[in-house]
1. Which lysines have a Cα less than 18 Å from the Cα of B:LYS49, not counting those fewer than 8 places away in the same chain?
2. Suppose R0 equals 35 Å. What FRET efficiency, 1/(1 + (r/R0)^6) with r the Cβ-Cβ distance, do A:GLU319 and A:GLU558 give to the nearest 0.05?
3. At a Cα cut-off below 16 Å, give the aspartates and glutamates reachable from A:LYS433, other chains included and same-chain residues fewer than 8 away excluded.
4. For chain A, what does -39500 (n - 2.57) per DSSP helix run (n ≥ 4), summed and divided by total residues, give at 222 nm, in deg cm²/dmol to the nearest 500?
5. In the structure shown, do any of A:LYS130/A:LYS203; A:LYS124/A:LYS148; A:LYS305/A:LYS534; A:LYS130/B:LYS241; A:LYS358/A:LYS534; B:LYS7/B:LYS93 have a Cα-Cα gap over 18 Å, and if so which?
6. For A:SER136 and A:ASP567, compute 0.36 nm times the residue count separating them, minus their Cα-Cα distance, and round to one decimal in nm.
7. Starting from the Cα gyration tensor of the stretch A:307-562, take the square roots of the eigenvalues, sort them a ≥ b ≥ c, and report rounded, prolate or oblate (rounded when a/c is under 1.5, otherwise prolate if a/b is larger than b/c, else oblate).
8. Figure the gain on full extension for B:TYR261 and B:SER210 (residue separation times 0.36 nm, minus the Cα-Cα span) and round it to one decimal in nm.
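We did not get these values from a lab; they are worked out from the coordinates using the rules stated. Being a predicted model, the structure only gives us computed values, none of them experimental. Here Cβ is always computed from backbone atoms with ideal geometry, including for glycine, and neighbour counts include all displayed protein chains.
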Amino acid sequence: MALLEVKELDIQFPTRFGPGHVVRQLSFSLEKGEILGLVGESGAGKSTVGNAVIDLLSPPGRVTQGEIILNGERISGLSAKQMREIRGRKIGFIFQDPMTSLNPLFTIETQLIETLMTNLDLSKEESYKKAIELLSAVGIPEPEIRIKQYPHQFSGGMRQRVVIAIALAGDPELIIADEPTTALDVSIQDQILNLIRDLCKSKEVGCVLVTHDMGVIANTTDRVAVMYNGELVEIGSTQQVLESPQHPYTKSLISAVPRSDIKLKRFPHVDYIEKEQESKKTIDVKQHWLGQRQLGEETDVTNEKEALLRVEAINLRFETQHAFFEKNRKYLQASNNVSFSVMPGETYGLVGESGSGKSTIARIIAGLYKQDSGQIIFDGQEISSMSEGQRRSIRQQIQMVFQNPYSSLNSRMNIFDIISEPIVFHRLANDKKQVSNIVSDLLDYVGLGAAAAVKYPHEFSGGQRQRISIARALATRPRFLICDEPTSALDVSVQAQILNLLKDLQDELGLTMLFISHDLPVIRQMCDRIAVMKQGSIVEEASVDNLFTSPQNPYSQELINLMPNLDNLSREGLDDLLV
Amino acid sequence: MALFLLKRLGQGLVVMFIISTIAFAIQDNLGDPLRELVGQAVSEQEREKLRDELGLNDPFLVQYGRFLKNAVQGDLGTSYFFKEPALKVILTKLSATLELVFGATLIIIFLSIPLGVYTAVHPNGFTTKLILGWSILGISIPVFLTAILLVYFFAVTLGWLPSYGRGELVPMFWGWETGYLTLDGLAHLVLPCISLASIMLPLFIRLIRSEMVEVLSAEYIKFAHAKGLSRNRILYIHALKNTLLPVITVGGVQIGNMVAYTILTETVFQWPGMGFLFLEAVTRVDTPLIVAFLIVVGAVFVVVNTLVDLIYGLINPTVRLTRSAQ
């Protein structure tokens, strides 16, 4: 008998326009000790399925049809009280963000012990003992001390361990993990996934692992179910699905996953996913405004052998704790003697885990932070000591694309105003008519269409917003583009489109790019040379192929090793795109 | 902790210095204290002599310097009307006001939390709409009208409760007399406390409701459900504690406000408190009393806010830690 059986499940969210189906006719089953991956992009309904199993759909969503059977007993349609008996005791749940899934005002002890007392009917002393056992089982050192602490005293990875300990507290038969490692660094991700895997295998617990990340699927799951638009399009053993996907959606999804083993010229077209792909308008750059240089700029013939940007011995520290006396203050060294240079037309990658100081460098170059010491030399000029007035023309040449497309656009301005603002500010156009022509061309150029100009940011999806950010960055005719994690907030198919767009732009406009990411496969696809950063310092600099084939520094080696192994992914349709 | 209190004390002194400056600066515009102080029959020469004696003819800065020098020693001047130190006059009335505010605060706490939680948990229920509709009404009706209506129904028509004064009091320490220990005193407290609470209660219900709605959508509440906890534990332990953090901050300021603005309630109920006293002081152009009143109210604000910050630190572990680390 299967541990969990989901039969023809339908979930609806009533909307103003009538009932909206979020999940349609979904069926799957799970055995004891098995890990089933539920994969898909945002909006596919994968998290909804997880929530439906423990009856925690956020209202007004509801199960309209189908059955959920746990160990032979139907659990869909139980009363709230009966469902409470199942949650925690039979089904444990792990949420995505360990930073928000623990109550900040209670100690770990309170939160663990209340779970144990409720689900196992233990006394307080027995619960305490069991809590300590659980914490050591999930690998928290010194559990007797740590248990007295509050969530904010734990790091992200440690918190997720606590969440797992709580999920396991009631000795559940089934664990539902909803994106358990998405908010974590790659090295922590590896530890947490191993932990989940070991626990499932040793305790014979079944696990539904909901994720958007093919790497996680490949390394952790036994079987995988692929969801698209509320429907299950393919289910099978992980190996089989990844190596020889059958359904066209699975095929395009897999082809859009950035690969770490081979470098491609472009990501293959993922037509199945975005059906109404607007065609990108080509512009003859030599004739067009975009390709022109400003007066004065034309004379600076950039020497191909000389670096466009040189970062020399940059140091910056932030005060983390203020005190009256200098000796009591504490600092965080955000950049420690960082030096590198970027050649014209090249894409230079900065890679590292969170807190390694990659974004700090980007912000110093863009002039958003001021370094304590060191120089930024752009096109032969030291720029960080310039006055604000001199700096203006440099700012026009260096532009930035930010990570989160939801917060980097002003939601009260329409797209025309957003893109035209830098053109007007830097006086790059002669009259209003020219400005509006440029904006329409830019929107066409990034594949949104000129009609987008009158809309507001909330009318666009994440990927479209990132195109707007790129158009805004291009609006000053920059020579140097800083991309700070430009695709980490996006789905993989959208990521593939945005990365393709950036590559096209670079080819056509001869842009020089600084590309920052924590995602090694993305770096591999985008960059020519890479610097690996750790705790504010560069530990290794190498060409992209050298770094991925023979990393020298132990930290780089570790990062490369921790990268989810995707060598078995299907290569269908990629042969023409190999570099 | 000690450093925090010291810092607060310093800030409090600055606040009170500014308040005293403003209060002192406007006193020339409040009218002529002599007109109230002496009878019609007093001649102009005698008035002038009295002005000299009171120091009212000195330049502003000299007067202010004298005031500051005395204020530092705890002497805020002598009330023209009571012929007693202004601070002492106010402090004897302070207990009456604080008892009124205390009662109103109790009403607010014991009504706003359950009602706020109820309306957050049942956002579309009929009762919720009733409570929220009524709360709009409560905000819109001025305090004195509420007070008069209460007096009309419960004191005049029904005759259940007394309509003015403090009733039978029991002396406590430092001249503090309380009405909380006798039945008669309690009966006298009911109507004034309700009318004082009436304007703040809707605000708190709405504040708790909106905070609670936000907290209920937090991930840790969903996780608490997934842990299999009971509904009551989730609502009243996990959610409520998080809800109360911002409420405490706002609440502290509002309680300070109540102390300062009991004037209307005290006037309607002839409550012998500070607000009532202040109103009288203004009509009598009793400037030392007015200045002293403003300073005392400023001090109440500073003390209440310090207490609020301390309580906040006790509830919120992140605040407590950063503070002890300082």
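1. none
2. Given R0 = 35 Å and the Cβ-Cβ separation, E is 0.70.
3. Here the aspartates and glutamates satisfying the reach criterion relative to A:LYS433 are A:ASP417, A:GLU421, A:ASP441.
4. Computed ellipticity for chain A at 222 nm equals -10000 deg cm²/dmol.
5. Values: A:LYS130/A:LYS203 16 Å; A:LYS124/A:LYS148 15 Å; A:LYS305/A:LYS534 29 Å; A:LYS130/B:LYS241 26 Å; A:LYS358/A:LYS534 9 Å; B:LYS7/B:LYS93 29 Å.
Check vs 18 Å cut-off fails for A:LYS305/A:LYS534; A:LYS130/B:LYS241; B:LYS7/B:LYS93.
6. Details: separation 431, 0.36 × 431 = 155.16 nm, distance 3.43 nm.
Contour length minus Cα-Cα distance gives 151.7 nm.
7. prolate
8. Details: separation 51, 0.36 × 51 = 18.36 nm, distance 2.60 nm.
Roughly 15.8 nm would be gained on extension.
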